[in-house]
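Engineer: Next up is a structure, given as C-alpha cells.
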Amino acid sequence: MQKTEKRENYILDFSHVYPEDIEQIIPGLHRIDCSDIQGTDLYVTPQAAAKIRERIRPYGIHGIHFLDNGNYHYVTGIITERIRTPYVLFLFDHHTDMQRPMIHDLVSCGSWAGEMVRRRSMLKQLVLIGPSAAQIAHLPASMKEKVLCISMQQLESRDASQAFDLIRHDLPAYISIDKDVLDRSFARTNWDQGTMNLDMLGRIVRETFHHHHVLGVDICGECSLQEPAGELAQDLKIDERTDEILYHFLSSSYIADSKNNV
C-alpha cells in the first residue's frame, strides 16, 4: 500500500488581495504573509527568494497553493525545487513565461519557466497550454526538446489531440495555473488575458489527474488592488468565485487521486 502524502493548502500573501477572513471561509487553508519581503514584485532577488523558501519550508509541496497575482508566478519555481523525482510540469498560461529577464541574473514572472527548462534536471517535460501560436513561435529552438506547446488556437479548433498524445504519462505531474489563460468572464488579472473557459480548463486538469499522480498545484492571477474602486469590487468578486470553484474542484480531484494511489 502506497503511503498517503500529506496535503497542505496555503496562500502566499504578497499584496493582501485575498479576503482577510479566508482562513475561516476555507478551513485548512494557511495564510503565509510575504508582504514584508522586499524584492518580490515582477522580479525576485536571491535574498527575497531565500526568504520565500524559508517561509514555505514547514509546508509540503502536496496541496493547493495560491500565489497572489501574476507578478509572483516565479514562486512555482521555488516550490518545485523540492521535487526529487522526475516529473512533468503542466503550465496553463496565456504567456510562455520563457523570456530572457531584462534585469540580468534576476528571475522574473516572465522568465521563470525558461529558467526551469534550462536548469532543472528533474523536470523532464514542460507542457505549456494556452498561449497564442504567435507567442509559441518565438520560443527558441533550444526549448523545443523539453517543452510541449499547445496553443489556444489548437484547443479552440479541436486540433490538439496529437499534441496531447506526446505528453509523458509515465511520470508524476505538478500543475501551475495562471488565471490569465482564462477569458475575462472567469478571471480578472493584472495582465492581458486569453480566451479559455473554466469548462475547458477543468477537462484538461481532470485528464491530468487521471493520467498522472499529481504532486501539487498552484494558482496565480489575481487582480491588482490599484484598480479604480468600482472596477476593483467587480473584479474581486469574479476572482473569488473562480478561486472557490477551482479550490473545490482541485480538492475533490486530489481525493480521487489519493484513492487511486492506495
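Engineer: Please report, ordered by residue number, the helices (runs of 4 or more DSSP H) entirely within region 146-220 with at least 2 residues that are more than 24 Å from Gly114 (Cβ to Cβ).
Structural biologist: Details: elements: 152-156, 161-164, 198-211.
Where helices (runs of 4 or more DSSP H) fall fully within region 146-220 and carry at least 2 residues being more than 24 Å from Gly114 (Cβ to Cβ), they are 161-164, 198-211.
Engineer: Test each condition in (1) of a type in the set (D, E, K, R); (2) out of contact with any Asp or Glu (no Cβ under 6 Å at 6 or more places or on another chain); (3) at pLDDT 95 or above; (4) closer than 25 Å to Pro27 by Cβ for Glu244 and report the one that comes out false.
Structural biologist: Exception for Glu244: condition (3).
Engineer: Right, something else. In region 140-188, how many are in contact with a helix residue (DSSP H, G or I) (Cβ under 6 Å, 6 or more places away or on another chain), of a type in the set (S, T, N, Q) and closer than 20 Å to Gln99 by Cα?
Structural biologist: Selection size over region 140-188: 2.
Engineer: Checking the condition surrounded by 17 or more Cβ atoms within 10 Å (Cβ to Cβ) and basic (Lys, Arg), which residue from Arg7, Arg53, Arg100 passes? Outline the logic, then answer.
Structural biologist: Numbers: Arg53 fails: surrounded by 17 or more Cβ atoms within 10 Å (Cβ to Cβ); Arg100 fails: surrounded by 17 or more Cβ atoms within 10 Å (Cβ to Cβ).
Selected residue: Arg7, the only one of Arg7, Arg53, Arg100 that is surrounded by 17 or more Cβ atoms within 10 Å (Cβ to Cβ) and basic (Lys, Arg).
Engineer: OK, next. Of all the residues that make up region 121-139, how many are in contact (Cβ under 8 Å) with a residue 12 or more places away in the chain and outside any loop (DSSP other than H, G, I, E, B)?
Structural biologist: Adding up the residues that qualify gives 10.
Engineer: Just wondering, is there one or more residues in region 85-94 that are modelled with pLDDT of 95 or more, surrounded by fewer than 16 Cβ atoms within 10 Å (Cβ to Cβ) and under 25 Å from Lys124 (Cα atoms)?
Structural biologist: Kept after step one, since they are modelled with pLDDT of 95 or more, are these residues of region 85-94: 85-94.
If we keep only those that are surrounded by fewer than 16 Cβ atoms within 10 Å (Cβ to Cβ) too, we end up with 85-86.
Going one step further and asking which of them are under 25 Å from Lys124 (Cα atoms), we end up with 85-86.
Checking region 85-94: at least one residue is modelled with pLDDT of 95 or more, surrounded by fewer than 16 Cβ atoms within 10 Å (Cβ to Cβ) and under 25 Å from Lys124 (Cα atoms).
Engineer: Scan region 60-77 and report the pairs whose first residue is on the phi > 0 side of the Ramachandran plot and at pLDDT 95 or above and whose second residue is of a type in the set (Ser, Thr, Tyr) and assigned to a loop (DSSP other than H, G, I, E, B), with Cβ atoms within less than 9 Å and a gap of 6+ or a chain change.
Structural biologist: Matching pairs, first to second residue: Asp68/Ser15; Asp68/Tyr18.
Engineer: Something else about it: Just the residues that are in contact with a strand residue (DSSP E or B) (Cβ under 7 Å, 6 or more places away or on another chain) and surrounded by fewer than 17 Cβ atoms within 10 Å (Cβ to Cβ), please, taken from region 103-139.
Structural biologist: The answer is Ile103, Met122, Lys124.
Engineer: Run Leu182 past the list (1) hydrophobic (A, V, I, L, M, F, W, C); (2) within 27 Å of Ile78 (Cα to Cα); (3) surrounded by fewer than 22 Cβ atoms within 10 Å (Cβ to Cβ); (4) within 17 Å of the chain's Cα centre (by Cα) and report the number of the one that doesn't hold.
Structural biologist: The number of the failed condition is (3).
Engineer: Only residues that are outside any strand (DSSP E or B), more than 14 Å from Asp218 (Cα to Cα) and in contact with a helix residue (DSSP H, G or I) (Cβ under 6 Å, 6 or more places away or on another chain): list them for region 89-108, please. I'd like the intermediate steps shown before the answer.
Structural biologist: Of the residues in region 89-108, the ones outside any strand (DSSP E or B) are 93-106.
If we keep only those that are more than 14 Å from Asp218 (Cα to Cα) too, we end up with 94-106.
Those that are outside any strand (DSSP E or B), more than 14 Å from Asp218 (Cα to Cα) and in contact with a helix residue (DSSP H, G or I) (Cβ under 6 Å, 6 or more places away or on another chain): His94, Thr96, Asp97, Met98.
Engineer: Ser142 is checked against (1) at pLDDT 95 or above; (2) among the hydroxyl-bearing types (Ser, Thr, Tyr); (3) loosely packed, with under 15 Cβ neighbours inside 10 Å; (4) outside any loop (DSSP other than H, G, I, E, B) and fails just one. What number does that condition carry?
Structural biologist: So the condition that Ser142 fails would be (1).
Engineer: Evaluate region 251-259: report whether one residue or more is in contact (Cβ under 8 Å) with a residue 60 or more places away in the chain, crowded, with 21+ Cβ neighbours inside 10 Å and farther than 24 Å from Glu156 by Cβ. Can you show your working first?
Structural biologist: Step one: list which residues in region 251-259 are in contact (Cβ under 8 Å) with a residue 60 or more places away in the chain, which gives 251, 254, 258.
When the remaining residues are screened for being crowded, with 21+ Cβ neighbours inside 10 Å, the result is none.
No, region 251-259 contains no residue that is in contact (Cβ under 8 Å) with a residue 60 or more places away in the chain, crowded, with 21+ Cβ neighbours inside 10 Å and farther than 24 Å from Glu156 by Cβ.
Engineer: Within the set of pairs 6+ apart or on separate chains, which have a first residue in region 172-193 that is under 28 Å from His210 (Cα atoms), a second that is basic (Lys, Arg) and in a helix (DSSP H, G or I), and C-beta atoms under 9 Å apart?
Structural biologist: Phe186/Lys179; Phe186/Arg241; Ala187/Lys179; Gln193/Lys179
Engineer: Given (1) more than 17 Å from the chain's Cα centre (by Cα); (2) surrounded by fewer than 16 Cβ atoms within 10 Å (Cβ to Cβ), identify the lone condition not met by Glu81.
Structural biologist: Against the list (1) more than 17 Å from the chain's Cα centre (by Cα); (2) surrounded by fewer than 16 Cβ atoms within 10 Å (Cβ to Cβ), Glu81 comes up short only on (1).
The values are calculated or read from the model by the stated rules, or taken from the named source; none is laboratory data. Note that the coordinates shown come from a computational prediction; the quantities given were computed from them, not determined experimentally. Every residue, glycine as well, gets a Cβ built from its backbone with ideal geometry; the counts of neighbours run over all protein chains shown.
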